[in-house]
Every structure is written in structure tokens, then in C-alpha cells.
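> Have a look at this one.
The values are calculated or read from the model by the stated rules, or taken from the named source; none is laboratory data. Please read these numbers as outputs of a predicted model, since none were measured by experiment. Cβ coordinates were reconstructed from backbone atoms using ideal geometry, including for glycine residues, and neighbour counts include every protein chain displayed.
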Number of protein chains: 2
Amino acid sequence: MAITTHLKSLQALELAVREGSLKGAAERLGITPAAVGQRIRALENYLSTDLLLRGRSGLQPTKELDAAIADLRVAFEALDRATELLDFQRVSEIHIVADPDWAELWLAPRLPEFREQHPNLRFCINGAGDVPVRLGSPDLRIDCDSRNAEILFHDILVPITGPDNTRRIAEGDPDHDMEGMPLLHLRAQLDGDDHPGWVSWFNTYGHRESGQDRGVNYPNARLALDAVRQNVGFLVCGLSLILQDLKQGSVVNPFPFSKHLPATQPYALTLRHDAKNRPAIARFVNWLRNKARETQAEIDTLK
Amino acid sequence: MAITTHLKSLQALELAVREGSLKGAAERLGITPAAVGQRIRALENYLSTDLLLRGRSGLQPTKELDAAIADLRVAFEALDRATELLDFQRVSEIHIVADPDWAELWLAPRLPEFREQHPNLRFCINGAGDVPVRLGSPDLRIDCDSRNAEILFHDILVPITGPDNTRRIAEGDPDHDMEGMPLLHLRAQLDGDDHPGWVSWFNTYGHRESGQDRGVNYPNARLALDAVRQNVGFLVCGLSLILQDLKQGSVVNPFPFSKHLPATQPYALTLRHDAKNRPAIARFVNWLRNKARETQAEIDTLK
DNA sequence: CATTTGATAAAGTTTATCTTTATTCAGATA
DNA sequence: TATCTGAATAAAGATAAACTTTATCAAATG
């Protein structure tokens, strides 16, 4: 028994008969009337038979089609039921809690790619997103603090500055040039040892004796990065968060990447206990792992 | 109600479940297993759900799919029935009687293009072809003799010779060069006035006083043309029959096409009384008219 | 343990499908 | 009758889907 071909043609045909016009079918299919005509004609050509008598006002199936139209209707009704059951419309929600800087600067720029392929998924990231927060623990947690979590990648911390300094750096000694510009700090860098900043960097690589913690403080990396892009000063920042900026040249590295500090902890992923059973989440995590692997590779290449 | 999308994915899915393997489904669909996997995966991605648990030996629908598989089976069984009814396999026969030279030299080279788009059609042309002759009148008749027939195109008759003469013609006087080479005749050209040949040509354009009907006789144009291609001599031939040869340079025209004779009658088409009701024939005739129009245009351009 | 078989991933190519634009045509409207 | 309108169509070019190929992987089999 041969397998049915021209499925889309048959679908268009059945719909055109049901609607009484190519135009009507086109609207339901979300394509142009010309496309519907082409689909049907393709089938007619294949069969070397006319199937539809096209009048200006209304269509009429030929007797060849008449014989089959009942089966076509049965078929597409059954398919529509199956579609319903398979829950084409289902919206699955993924709730994520993550390091805010990472969420804003690493995840957010990469997410649209994934969402394009998974239009049925809704995200809630750190309380914001497509859907409101849900009570209880999130499906995923990504940060640098959790123990026993699956490691995504090990970041490194590097000094960066704005694009206007590119020329100056090329000509002279970056140490010298830095003298005139403020150091930018993240609040977290000054609060504890978990987030190494300028203090650690100068302690390791020298270049400046005093005033290592002077300068401007920013509450989060996004704001600090905005300032860097506008040439406000120099910042020590996770390389993973600025890969795109470096490629575009909207920020630059005044020192070779070999002068970096390792992050104290890797970014790591914790899954909610029952999340593994949800295919949507499994698929998202899978994507996340791949993207993390890419990032790790880029970091390792540069450092 | 939304319209079912991913028809091919659903088809592959249903078939894979029925066959118990991607490979089996692939064979029935006439594509590679990789393609089947891709179809199914596309749907799974779209739904963000797993549908098929792939084991090395045997597949198993997930519970999501289980709910829908019955409807899918119903749908594709109905489609297969519809397919049957629409007679995907139907073989329609077209019986043609035509001027033998035209059939061999004009129709035969053009027909494959049409047949490629209409694999269900079988031809019987002048008793030969895919199917044996049928009693009674043919569906189509194409010749230059019938009256009250639909004109396809008006041919012109031109002298031609083989490619080896190209150089000699370029250098000198074709009249002179013709002296050493035999004139080729078709039997029909010598028999009556319907098929002008060298006699008419020399009477019109001069160049030779005697021996206009001497030379070699051929029973049909194909054989004569074979001889021309091998530089046996000079022939007066319908331009429509050698357009491709001229383009390829396998025959050449020693005289400008302005020195042509008009064919006494155009090629014309007669349809059997009931042929108009057969869509396959209507479509073939339509194609024939288009091709004839093309030929007419080429002739008019050259002459 | 080596081999076979079926599924998968990645990449590149081919083919199908769709849109756009312009044209045609039957019937409605003036 | 003329002309207008709305739907279908034709042609061409652009886009996107689908397929094949090649290589890899993992389970099952000998």
C-alpha cells in the first residue's frame, strides 16, 4: 500500500471545499491565496486530473474529488483531534532563579535563540519574565554559591575599559593611562572575598600601590558595564559576561588576558527534584549545557 | 479551531509507531532514517514534549503520544483511502497519431519534459510507446493534411548540411561547394507537391540548372538527418525539426534563412470528439500548444 | 571482544513552498 | 454598455523546509 503524498495539498483542498473559496482556506492556513492555488494545482498536476472547478463565486469539487472528499474530511478532523490531544497549544512554564548579573548579561542575550525554537515555553527569571512568580522552589537555580551542583563553566575575571581608550592603550603604557581614569567596582567585589575585584587584581599583578578600592561603586554588573562602554573607567568583570561586547569592540581589554583572576566558584546548576521528568525542562537544560560548553571553550581560548 | 501543522511529522510518527522502527518508516516513506528522525524531532521540539522513546530495538510511544495515536491512525487510514479513491495510481493513456517525421523529430525530444511532470500518463504514438495501440480513432491527430484542425505552427523549409562544411561555407560560395556534394531527398519530396524539396528550392532561388532531383533518397527525415549530420550531403528540411540540431551545431545552414520555402500546410491538431472531457488530455494539449507557440516564435525569429 | 544494526548529529544541498507583483476574468454596479 | 471589484492565476524571485551524506555513538548480537 502506497503512502499518501501531497499532504499539504490535500489539506488545502479539503479546507478550500469546506470554506468554499481559496481565499477562505488561505486565511485559515495563514498563507496567501496564491499559495493555496499552487498547492491544489500541484496535486492536480500530479494526478493529471482536475479536482476543483474554480468559479469566481464559489468552488465546486469535480466528481473525482467528490468520491474522496468524505475521507478527506474524516482524516483532517481526526488530525485536528490529534493535534488537540497532543496539546499543540500547551504552554509550559520554566521558573529560574539565577545570579542576577549572569541572568542579565549571559542568559538574556542567548535566550531568544532558544525561545524561537520553543514558542510554547514561558519563562520566569528572577521573578520577571513571561509569567508571574510561583510559590515554592524554582525549576532551575544557577549561581556560584551552591554546593553539589552541576558545573556549567569556570569563569575568569579580567580588567576592561571603554572603546575610546583603545588608541591610547595601543600607544602607551596601560598602567600610565589608568592613572587618569577612575576604577569601577561592583558592590559585591568590595563586600567580601567571593567576588575578586581591583584589590585582588592589583595584589596579584601590581601596577598600583594605593587607592585600590577608590572609585565608583555600582550595584550590579549591567550598570557598571554601561559605564565602561561610555568610557567612564576601568572594571574587573567576569569574561563570560562580556564576550559579545569584546567581539563588537564596545569594551576592550587593556591588559592581556593572561593577567586574569580565576573566579572563586564556577557557575553551577541545581535542578528541582522533579524537574527531570518534565521534557520541556530537560530540553532547556540540555540547551543550557551546550551554551555553557561553548562559553567555557571561548574562555579557555582567550585566557 | 487551529489548523493542523507538521503534517509530515505526524505521518512519520504514525508510521514509525506502526512499523516499530524509524528505519521501517523510512523505507515505506522512501526517505532515509535520518530524515524520519528529523521529522519527528521537529514535532517534539515544536511541542516541547517527547513523543517517542527510541530504543535500539523497538520504539515506544510516550503517554503524550498514546493519547493521540488512535486519532492519527484513523486520520492516515482515511487519507490512504482518499488517495486510493483519487486514484493516485491511475494510468491515463493518450493515443496519438502524427506525422512520423514530426513525431520523431519534434515531439519526441520535447515529450520527456512533460512526462516528468505527469508520471501517470502513458503514450502511444503512431503505434509505439508505453501502451499498445487501441482500436478506434486516436485521441489526438497531428499532421499537415487535415482540414478544420487547430493550427499549431507554420513551418518553413530550409537547406541544411553537415558541420564539416561550416568552414568551407564560411570561406567561399555555398553554390560552388554544393557542386561536389550530393543532394538528399525525402521520398515525400519527390512524390508530390505537398512537400517542397530541392526542385522547388532551385526553381525559386536558382543556383543550379539541372539534376535537381538527383541524389540520394531517404524514406524519412530522421534517416536523412542522420546522413546530413555525417556530412553526406545537403537536404531541404522543415526548420521546426532541426532547431536543436542548429543550436548544437550538428547541422548548419549554408544559406541565409531568408532563402526558405514556406511549408504548404501548417502542422495542425485534431482532437477526438470526447477528448475534451478528459483532463489528462486537456493538460497535454495545453502543453502542446505552448510548445508549438514557442516553436513558431523561434521560426519567425530566424526566417 | 569484535561486529552489526539502528539512531543521531552536523553540514551542505536540493527542493518545496511562499510571497510579491502584475494580469485576467466573471459578475456586480453605475 | 462601460467600468469597477473581488477572486483566481501566472511568473519570478526569495525564503524556508526537507533531505542526503558522512561520521559517530550505543546497544544488541555473535
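> Which of (1) within 12 Å of chain A (Cβ to nearest Cβ); (2) near DNA strand C (Cβ under 10 Å from one of its atoms); (3) free of Cβ contacts under 8 Å to residues at least 24 places away in the same chain does B:Gly55 not meet, given it meets every other one?
Going through (1) within 12 Å of chain A (Cβ to nearest Cβ); (2) near DNA strand C (Cβ under 10 Å from one of its atoms); (3) free of Cβ contacts under 8 Å to residues at least 24 places away in the same chain one by one, B:Gly55 breaks only (1).
> Take the residues in region B:207-223 that are surrounded by fewer than 19 Cβ atoms within 10 Å (Cβ to Cβ) and either outside any loop (DSSP other than H, G, I, E, B) or assigned by TED's automatic domain parsing to the domain that holds B:Arg293 (or both), then tell me which one is modelled with the lowest pLDDT.
In this case the residue turns out to be B:Val216.
> Just to be sure before I move on: is A:Thr62 over 30 Å from the mean Cα position of the chain (by Cα), over 30 Å from B:Pro61 (Cβ atoms), surrounded by fewer than 17 Cβ atoms within 10 Å (Cβ to Cβ) and within 12 Å of another protein chain (Cβ to nearest Cβ) in the structure I sent?
The answer is yes for A:Thr62.
> Go through (1) under 17 Å from the mean Cα position of the chain (by Cα); (2) crowded, with 19+ Cβ neighbours inside 10 Å; (3) assigned to a helix (DSSP H, G or I) one by one and return the number of the condition B:Ile142 breaks.
Among (1) under 17 Å from the mean Cα position of the chain (by Cα); (2) crowded, with 19+ Cβ neighbours inside 10 Å; (3) assigned to a helix (DSSP H, G or I), B:Ile142 violates only (3).
> Tell me, please, whether a residue that is under 17 Å from B:Leu288 (Cα atoms), among the charged types (D, E, K, R), more than 7 Å from chain A (Cβ to nearest Cβ) and more than 16 Å from DNA strand D (Cβ to nearest atom) can be found in region B:116-129.
Checking region B:116-129: at least one residue is under 17 Å from B:Leu288 (Cα atoms), among the charged types (D, E, K, R), more than 7 Å from chain A (Cβ to nearest Cβ) and more than 16 Å from DNA strand D (Cβ to nearest atom).
> Run B:Trp106 past the list (1) surrounded by 21 or more Cβ atoms within 10 Å (Cβ to Cβ); (2) within 9 Å of chain A (Cβ to nearest Cβ); (3) aromatic (Phe, Trp, Tyr) and report the number of the one that doesn't hold.
Just one mismatch for B:Trp106, condition (2).
> Please tell me if B:Thr295 is touching a residue at least 24 places away in the same chain (Cβ under 8 Å) and out of contact with any helix residue (DSSP H, G or I) (no Cβ under 6 Å at 6 or more places or on another chain).
Spelling it out, it is not the case that B:Thr295 is touching a residue at least 24 places away in the same chain (Cβ under 8 Å) and out of contact with any helix residue (DSSP H, G or I) (no Cβ under 6 Å at 6 or more places or on another chain).
> How many residues are in contact with a strand residue (DSSP E or B) (Cβ under 6 Å, 6 or more places away or on another chain) and surrounded by 16 or more Cβ atoms within 10 Å (Cβ to Cβ) when one looks only at region B:81-101?
8
> Can you name every residue in region A:10-46 that is at the interface with chain B (Cβ under 10 Å from one of its Cβ atoms), buried (at least 19 other Cβ atoms within 10 Å of the Cβ) and of a type outside the set (A, V, I, L, M)?
Within region A:10-46, A:Gln11, A:Glu14, A:Glu44 qualify.
> Only one of these is within 24 Å of A:Leu239 (Cβ to Cβ) and either part of a helix (DSSP H, G or I) or touching a His at 6+ places or on another chain (Cβ under 8 Å) (or both): A:Gln265, A:Gln296. Name it.
Matching residue, one of A:Gln265, A:Gln296: A:Gln296.
> When the residues of region A:66-91 are filtered to those that are aliphatic (A, V, I, L, M) and more than 7 Å from chain B (Cβ to nearest Cβ), which remaining residue is farthest from B:Thr83 (Cα to Cα)?
Checked region A:66-91; the qualifying residue farthest from B:Thr83 (Cα to Cα) is A:Val91.
> Report, by residue number, each residue of region B:1-42 that is in contact (Cβ under 8 Å) with a residue 24 or more places away in the chain and more than 11 Å from DNA strand D (Cβ to nearest atom).
B:Leu13, B:Glu14, B:Leu15, B:Ala16, B:Val17, B:Arg18, B:Gly20, B:Ser21, B:Leu22
> Those residues that are surrounded by 21 or more Cβ atoms within 10 Å (Cβ to Cβ), within 19 Å of the chain's Cα centre (by Cα) and not hydrophobic (A, V, I, L, M, F, W, C), I need them from region A:224-260; list them, please.
A:Ser240 - this is the single residue of region A:224-260 that is surrounded by 21 or more Cβ atoms within 10 Å (Cβ to Cβ), within 19 Å of the chain's Cα centre (by Cα) and not hydrophobic (A, V, I, L, M, F, W, C).
> For region A:268-286, what are the residues that are assigned to a helix (DSSP H, G or I) and surrounded by 16 or more Cβ atoms within 10 Å (Cβ to Cβ)?
Passing the criteria: A:Ala275, A:Pro279, A:Ala280, A:Ile281, A:Arg283, A:Phe284, A:Val285.
> Name the one entry in A:Thr49, A:Thr62, A:Thr4 that is within 16 Å of DNA strand C (Cβ to nearest atom), closer than 30 Å to B:Arg122 by Cβ and either not charged (D, E, K, R) or not assigned by TED's automatic domain parsing to the domain that holds A:Leu225 (or both).
A:Thr4
> Would you check which residues across region A:71-106 are at pLDDT below 95, assigned to a helix (DSSP H, G or I) and not basic (Lys, Arg) and list them?
Scanning region A:71-106 gives A:Asp80, A:Ala82, A:Thr83, A:Glu84, A:Leu85, A:Leu86.
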